[in-house]
Amino acid sequence: MLPRCQGSTAFAIALSALCTWIAQAEQPRAGKAEKPRVVSSFQAEPGAAYPFRQNMYRALQLTDGRIIALSIARDKNRQQTMQGRYSPDNGKTWSAPKDLFPYPKEAGGFGLFDALVDQEGEIHLVVLCDGNSGSLFPKQEGTPTYDILEIWHVRSKDRQKGWETPKRIRKGMATDLLSITQLRNGRIVLPISFKSKRTLYQRGEGFLPFTYVGPYSCSCMYSDDKGKTWQASPDVLSVETPDLGTYGADEPVVIQRKDGRVWMLMRTQRGRFYESFSKDGARWSPPQPSRLISSDSPAGLIRLRDGNLLLFCNACLRYPYAYGGRFVLHGALSRDEGRTWQGFREVARDPHRDTPPTFQSDYGVAYTFPTLTADGHVLFSNWVEQGNVRRFRLLDPAWLLQTRHECDFSNGLEDWSAFGSKGVEIIPDPDHRTAKVLALRKADARWPAGAVWNFPVGAQGRLRLQLMLRPGFGGALLGLTDHFSTPWDQEDEFHNVFNLPIASTGELLPRVKLAPGRWHQLELAWDTQRRQCRVLLDDKPVGTVEDNRKGSGVNYLRLRSTSAQSDNGLLLRAVSADVSESWQR
């Protein structure tokens, strides 16, 4: 609390105005930010042994405000060198690569790393090494054996003018390193995941024989002397698998909360992150399911300049790859240390989602590495993004705080996902030839027809649509839900938060019909706390829909044809969402 102002009334008013201006300046600029965009990219070097990871370029903010993009380069003689490119303008332009230090050639193949700038401005790098087992770089073509993946550490010195000698800090079979943080007391915490000898037939002791947690588990390592020596947490964190063919808890990320506790989010195959907490980064609570939806993909966490938390995740469900898929990447912001989240907007989409995947490697957009820029924005890249190009995207966190979103199809289907569908297209508005509308119909009985639209999440909100059923309409399902699933997801009706089926007759609710060939204004006003959604047709209340399941918010509109045969479908002229009442304070 500020002390009471003394002196004249004019001075008090001026000071009050100054205090108000400072308070407003510290708040995110909701409503004024542009959507995330690609600001730069690197092409993988020709002949790189494992280009999509070898050239991943993990960005990191330095103490002087510059951004360094780190990568492991590999020459023809199999020598591996850590390289850095520098950006003075928040990731828009980059210097030529500079060799920082070599990794010991005799130790094996190096790759899959993460990095940290510590409280003294020095860079810490943790990296996996295959110990000459061929896990990272197979000596022959084929599937890697993953026999050994050691963890190595190296630290810069003299304000990054030199580097200490890389050293191994853990033997065994580790997995991807996606997070490293320094606590306020100086302790460095490195969350890890690893493969054990546990199998379906040798499940372990105690309670474990009653269930199955897979061979993988999570834990932590920590250092209190700037990385010179490392200790291992005695706690092994395991999570039940949904079936007998999956592997368990994997690829954890951590961040320290304002109350001092360290928060860990673990990748699982259960459709959500599991979480664990620690007072010191050494001892951890048993994993519990979090409320954060996720496919079998890791999280990205960063604390913003204003103290808020930013989460990256793939909130995708019911697709066989990665137990939900990675077609879209979501961003969400929390102003209360992770208790509630605002946004859950699509910050990136798979640029190849309109073509069938090849299954030759990971695909989609996932494995997010964020860093702050000098102006408080977030620069991020992704390991998993099909092709040999590493893209850097820039996100203004204020964009996640916007509470309204609309689409009039002037940019085509840019805001929508309609891949794997036939009969979903943009056509001229029949009443205004210069405008565009979305046409959705069952064009081929053998193909699905569906479209998905994302908007800011809200426990309460309103969705307005201008909709026309064409003569010969065969039926559709309109759904509101809290996660992404593919446009053709036939089980969406069981998982949507609210369902509004439209019969082939145009019946929307009992004794409520949409007339074919006529534009209707449809409004859905939902409240997930009251578990109901009010329906207004042409600005008149016509009924209420009860929820299909309990949800904490809604951020997706789903349109899917339910016609068994080819039909003429429907037209959508415009759609808008407003969740401002969810975030009024």
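Derivation of every value follows stated rules applied to the coordinates shown; laboratory data play no part. Keep in mind that what you see is a predicted model, and the values were worked out from it rather than measured. For neighbour counting, all protein chains shown are included, and Cβ atoms are generated from backbone atoms with ideal geometry for every residue, glycine included.
A few comments on the model shown:
- The Cα atoms of segment 427-528 cover 36, 33, 31 Å along the three principal axes, with the biggest extent listed first.
- For the listed peptides 476-482, 434-440, 119-125, a ranking on the average number of other beta carbons within 10 Å per residue, highest first, reads 476-482, 434-440, 119-125.
- Listed peptides 466-474, 350-358 appear in the order 466-474, 350-358 once ranked by packing, highest mean of other Cβ atoms within 10 Å at the front.
- 0 to 90° range, to nearest 10: angle between helix 9-26 axis and the chain longest Cα axis: 80
- Full extension of the chain between residue 197 and residue 515 yields a length gain of 108.1 nm, computed as 0.36 nm times the residue separation minus the alpha carbon distance.
- Across the chain, counting alpha-carbon atoms alone, Rg and Dmax equal 25.9, 82 Å.
- Within the shell defined by Cβ-Cβ distances under 11 Å, the residues around residue 315 carry a net charge of +1, with Lys and Arg each +1 and Asp and Glu each -1.
- Residue order, fewest to most beta carbons within 10 Å, for 319, 274: 319, 274
- Area projected by the alpha carbon convex hull of segment 197-250, averaged over all directions, nm²: 4.4
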